[in-house]
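Written out below as structure tokens is the structure these notes cover.
The values are calculated or read from the model by the stated rules, or taken from the named source; none is laboratory data. Quick caveat: nothing in here was measured; it's all calculated off a predicted structure. Using ideal geometry, Cβ is built from the backbone for each residue, glycine included, and neighbour counts are taken over all protein chains shown.
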């Protein structure tokens, strides 16, 4: 009789242990399921939020181009379609959790290339509007904290040839030349506009412009045409800006 009771007791203990294990398994399953459900809900919320923002940005693109592009131009609709495609492609980055700086620089380079190949001087008004809308999108990405151009990255340190340093730094070692580069990074400038900006006249201004032209940081659209920044000039100016931000902080 005693053996029978002991046997029954052991069976009860074993059953309790099994139930305890099952309970813990169920608890872990529920916790994992809840976490997965929460992540799913949050993911859906982020997607809906991003879609709502992109919808607003696309409306802003349409309104900005329609209102500010040159009205009387036979290329208006063709250019508008190209600008819309470019800006919508950039706006789609808002859906990402993180936007890398090289993507933004690539898009800026693409816009600079389009600007360089513009057929006439009056195109500058349209490109200025595209640049404004592009800048608004970048600021929006910063405010959403998905893009940070000053993100610290580990980079390999390698020796820089002295000749390379001279070709980059020497053209910018003058205050007026740096003023010129900064000014035309925003919009193209005429010779007279640069003269007014720098206070330089005739041959003096031409000397400094020639330095920048030889370094391939700027270009002149055609003889006696406006001056504009090149992709190389933009990258150099961006690097200087980044260096200033690091040293100032």
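Taking helices (runs of 4 or more DSSP H) as the structural unit, those lying wholly within segment 70-149 and holding at least 1 residues that are under 16 Å from the mean Cα position of the chain (by Cα), surrounded by 18 or more Cβ atoms within 10 Å (Cβ to Cβ) and touching a residue at least 60 places away in the same chain (Cβ under 8 Å) correspond to 101-116, 123-143. Residues in segment 162-177 that are without any contact (Cβ under 8 Å) to a residue 12 or more places away in the chain and buried (at least 16 other Cβ atoms within 10 Å of the Cβ): none.
To keep it simple, each residue is scored yes or no on (1) modelled with pLDDT under 90; (2) closer than 23 Å to residue 103 by Cα.
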position	(1), (2)
168	yes, no
205	no, no
222	yes, no
225	yes, no
238	yes, yes
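From the list 213, 197, 205, the one residue that fits, being within 18 Å of residue 231 (Cβ to Cβ) and surrounded by 14 or more Cβ atoms within 10 Å (Cβ to Cβ), is 213. Kindly indicate whether any position in segment 223-235 is surrounded by 12 or more Cβ atoms within 10 Å (Cβ to Cβ) and more than 23 Å from residue 126 (Cβ to Cβ). Checked segment 223-235: at least one residue is surrounded by 12 or more Cβ atoms within 10 Å (Cβ to Cβ) and more than 23 Å from residue 126 (Cβ to Cβ).
Here residue 155 qualifies as over 21 Å from residue 183 (Cβ atoms) and at pLDDT below 90. Per the listing 68, 117, the residue uniquely more than 14 Å from residue 228 (Cα to Cα) and outside the structural domain of residue 231 (by TED's automatic domain parsing) is 68.
The single condition among (1) closer than 24 Å to residue 226 by Cβ; (2) at pLDDT below 90; (3) touching a helix residue (DSSP H, G or I) at 6+ places or on another chain (Cβ under 6 Å) that residue 53 does not satisfy is (1).
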